[in-house]
Amino acid sequence: KTRKLRVIEVSPDASPDTVFRGFFKRMNTNQSGNVGALEEKTVSFSLSVPDGDLVFAPFRWYFGANSKLNRAVRDVITAWQDKTPIKVKYLQDGVNGSLHDAIVTEATLANALEGQNEFRFNFRATGAPTAITG
């Protein structure tokens, strides 16, 4: 009914040391289910950028000293939100390894109702690769 600004926090590891916080507005609400069965309600929110110069970012990840989130995931998220390069190692042909400086171009978090959290990242390499041997 109302599209007022809301602050939403998500903690994928149920820890106060791993929190995603942002400004959102409700977009729509749906409800479904059969008579006598369990009802399901879905509420969709969209990221919103509030007016004003005091807002540093419309959303941000926060990692405390006791975050349970995998260190590699935290490093990639930090590089993504700070727009800084990160070192990426990969097997370019399945056998021979390469090391690149890369920019994180996309970071997403998905979860099924009874599933586990799944992070996905896309990278864009910069410069020439360094061969990794042994």
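The values are calculated or read from the model by the stated rules, or taken from the named source; none is laboratory data. All values reported here derive from a predicted model rather than from experimental measurement. We place every Cβ from the backbone using ideal geometry, glycine too, and count neighbours over all the protein chains shown. Only protein heavy atoms, including side chains, enter the accessible area calculation; ligands, DNA and RNA are left aside. Shrake-Rupley method; radii C 1.70, N 1.55, O 1.52, S 1.80 Å.
Some points to look at:
- Solvent exposure of the stretch 1-129, expressed per residue, is 74 Å² of accessible area, with all protein chains present and a 1.4 angstrom probe.
- Within the accessible area of the stretch 1-55 (1.4 Å probe), percent carbon and sulfur: 51 percent
- Coil-residue GluC sites (Glu not before Pro) of the stretch 32-134, DSSP, other Cβ within 10 Å capped at 14: Glu39, Glu114
- Fully extended contour minus Cα-Cα distance, from Lys68 to Gln81, at 0.36 nm per residue: 2.8 nm
- Extended-chain gain in nm, criterion 0.36 nm per residue less alpha-carbon gap, Arg120 and Arg3: 39.2 nm
- The loop-placed trypsin sites (Lys or Arg not before Pro) in the stretch 58-134, going by DSSP, that have at most 10 neighbouring Cβ atoms within 10 Å of their Cβ come out as Lys83.
- Shape of the stretch 23-71, Cα gyration tensor, a/c cut at 1.5: oblate
- Label corresponding to P(r) over Cα pairs in 5 Å bins from 0, in percent when calculated from the structure given, among (1) 2, 9, 16, 16, 13, 11, 11, 11, 7, 4, 1, 0; (2) 2, 9, 16, 19, 20, 17, 12, 5, 1; (3) 2, 8, 13, 15, 17, 14, 12, 8, 5, 4, 2, 1, 0: (3)
- Coupling constants for the stretch 116-128 follow from the phi torsions by the Karplus curve (6.51 cos²θ - 1.76 cosθ + 1.60, θ = phi - 60°), and in residue order they are 9, 5, 9, 8, 10, 10, 10, 10, 10, 6, 10, x, 7 Hz; glycine and proline get x.
- The GNM of the chain, with springs linking C-alpha atoms under 10 angstrom apart, assigns the highest mean-square fluctuation among Gln92, Gln31, Gln81 to Gln31.
- Counted residue by residue at 0.36 nm each, then reduced by the alpha carbon distance between them, the extension gain from Ala57 to Ser32 reaches 5.5 nm.
- Residues Phe123, Phe24 ordered from highest to lowest accessible area at a 1.4 Å probe: Phe123, Phe24.
- Contact order normalised by residue count of the stretch 19-134, Cα under 8 Å, 6+ apart, percent: 17 percent
- Charged-residue dipole, Cβ positions (Lys, Arg, Asp, Glu), the stretch 19-134 about Cα centre, Debye nearest 20: 240 debye
- Estimated [θ] at 222 nm from DSSP helical runs (n ≥ 4, -39500 (n - 2.57)) normalised by residues in the chain, nearest 500: -3000 deg cm²/dmol
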